[in-house]
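The values are calculated or read from the model by the stated rules, or taken from the named source; none is laboratory data. Values in this document were obtained by computation on a predicted structure and should not be read as measured data. Using ideal geometry, Cβ is built from the backbone for each residue, glycine included, and neighbour counts are taken over all protein chains shown.
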Amino acid sequence: MPEPRIAAVILAAGLGTRFGVQPKMLAPFAGKAMVRHAAEAALASAARPVMVVLGAHAGPVRAALDGLDLKIVENPDFAAGLSTSLKAGLAALPQETQAALVLLGDMPRIGAAHLDGLIAAYRAAEPRPSAVVPVRDQRRGNPVLLDLRLLKDDLEALSGDCGAGPILNRRIDVMEVPSDSATGFDVDRPDGLDGGGLD
């Protein structure tokens, strides 16, 4: 049985209003824009293709990702909430894609090893889970891996400023993978970047 095709979708379309005047995705972290760290981690993982969903500040964010082998999707409805960006990214994936890693562009500490760990857990599971999520201190984090076939109807029905979390909270077929890493948090404010060496 062939291995399932797994893609990556990076959500980088939000306004980042809590971050201040500077576009959050462009905030410098360890010498480069925050969003570029997430993109490079995805490209270093087994996921293909890697999509990036842009919205607010699309031009400068696209420029920050210059030279990377990414597929860019622009979401004209980004102001209507996170769900619109998630749906735009998933809709642009090749039809044969079975699962997708969903990353937030404001998670600069994420690494390819974290992503490949989720992929390996999914591929080894029988039957396949609807999602694979990292858990630390009994809290679910990001990124998450979504089975697009099992979650198809639920994902299509998403609306407003939410991702897949509410869907996964009501399902019993979600695989939780223990994580001892603090990488799975996003950055909402400039002080969230302080002390930030990459793991």
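Among the conditions (1) touching a strand residue (DSSP E or B) at 6+ places or on another chain (Cβ under 7 Å); (2) part of a helix (DSSP H, G or I); (3) farther than 16 Å from Ala13 by Cα, Thr97 misses just one, which is (2).
If you go through the stretch 125-147 and keep only what is out of contact with any Lys or Arg (no Cβ under 8 Å at 6 or more places or on another chain), surrounded by 19 or more Cβ atoms within 10 Å (Cβ to Cβ) and under 24 Å from Gly105 (Cβ atoms), you end up with Val132, Gly141, Asn142, Pro143, Val144, Leu145, Leu146. Within the stretch 77-88, the presence of at least one residue that is closer than 14 Å to Ala8 by Cα, among the hydroxyl-bearing types (Ser, Thr, Tyr), touching a strand residue (DSSP E or B) at 6+ places or on another chain (Cβ under 6 Å) and crowded, with 23+ Cβ neighbours inside 10 Å is confirmed. Per the conditions (1) out of contact with any Asp or Glu (no Cβ under 7 Å at 6 or more places or on another chain); (2) surrounded by 15 or more Cβ atoms within 10 Å (Cβ to Cβ), the sole criterion not satisfied by Ala91 is (2). Taking every residue in the stretch 55-66 that is under 14 Å from Met34 (Cα atoms) and touching a residue at least 12 places away in the same chain (Cβ under 8 Å) and pairing it with any residue that is of a type in the set (D, E, K, R) and in a helix (DSSP H, G or I), at least 6 positions away or on another chain, the pairs with Cβ-Cβ distances below 7 Å are Ala64/Arg36; Leu65/Arg36. The single condition among (1) closer than 29 Å to Ala125 by Cβ; (2) outside any helix (DSSP H, G or I); (3) modelled with pLDDT of 95 or more that Ala41 does not meet is (2). Ser85 meets each of the listed conditions (1) more than 25 Å from Leu158 (Cα to Cα); (2) modelled with pLDDT of 95 or more; (3) of a type in the set (S, T, N, Q) apart from (1).
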